[in-house]
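Undergrad: Right, I'll just put the structure down here and ask away after.
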Amino acid sequence: MMNCTLKCIALTGIAPHIIEELKKGKPRTLELQSAHNLISLTAASPGDVLMLTSVDLDDFTTGDRGIIVEVISLTINMKRLIEYTPVHYEERERMSARIQLRYLNGAMAKSVEGTGWGEPTFAEVLRPSHFRAG
């Protein structure tokens, strides 16, 4: 089996049980709130291929393993929360992304870029030359 490379957005710090659930082959919807993943998702669209890894962004480097997924749908939302107390009220905003993904295959990072604050994270990944039929 021949390996080939693909450059794609990388989402880091994804819980291992979520990765295992995606590997079962059914599309799954995730809600992500981490700032670095939200920044990366601003460069993503439905139909794109992403790498997901359980490795934290600070530690993500060449040789780390993960999975390749296809983006089925993606929405980024801003939620406004207001808390009242007898003395004052506090308003907060929380941004989150809901993303529906379908597992394609396993992957390993050949190179990583964009691990600094405020920039999307990309990985060039090694993957088998064929995708798993789903």
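Undergrad: Quick check on my filter: what residues within the range 8-41 are among the polar types (S, T, N, Q) and either within 20 Å of ASP58 (Cα to Cα) or surrounded by 14 or more Cβ atoms within 10 Å (Cβ to Cβ) (or both)? Full working, then the answer.
TA: First, pick out the residues of the range 8-41 that are among the polar types (S, T, N, Q): 12, 29, 33-34, 37, 40.
Selection gives THR12, GLN33, SER34, ASN37, SER40.
Undergrad: Output the residues belonging to the range 27-85 that are in contact (Cβ under 8 Å) with a residue 60 or more places away in the chain, aliphatic (A, V, I, L, M) and part of a strand (DSSP E or B).
TA: LEU30, LEU32, MET51, ILE68
Undergrad: Considering every residue within the range 46-56, establish whether at least one is in contact with a Pro (Cβ under 9 Å, 6 or more places away or on another chain), under 17 Å from ILE99 (Cα atoms) and exposed (fewer than 14 other Cβ atoms within 10 Å of the Cβ).
TA: no
Undergrad: Could I ask something else about it? With the structure loaded, tell me whether LEU57 is out of contact with any strand residue (DSSP E or B) (no Cβ under 7 Å at 6 or more places or on another chain) and of a type outside the set (Phe, Trp, Tyr) or whether it fails that test.
TA: Against the criterion (out of contact with any strand residue (DSSP E or B) (no Cβ under 7 Å at 6 or more places or on another chain) and of a type outside the set (Phe, Trp, Tyr)), LEU57 qualifies.
Where a number appears in this text, it was derived from the coordinates with a stated rule and is not lab data. This one's a predicted model, so the numbers in the text were calculated from it and none came from an experiment. Every residue, glycine among them, receives a Cβ derived from its backbone with ideal geometry; neighbour counts consider all protein chains shown.
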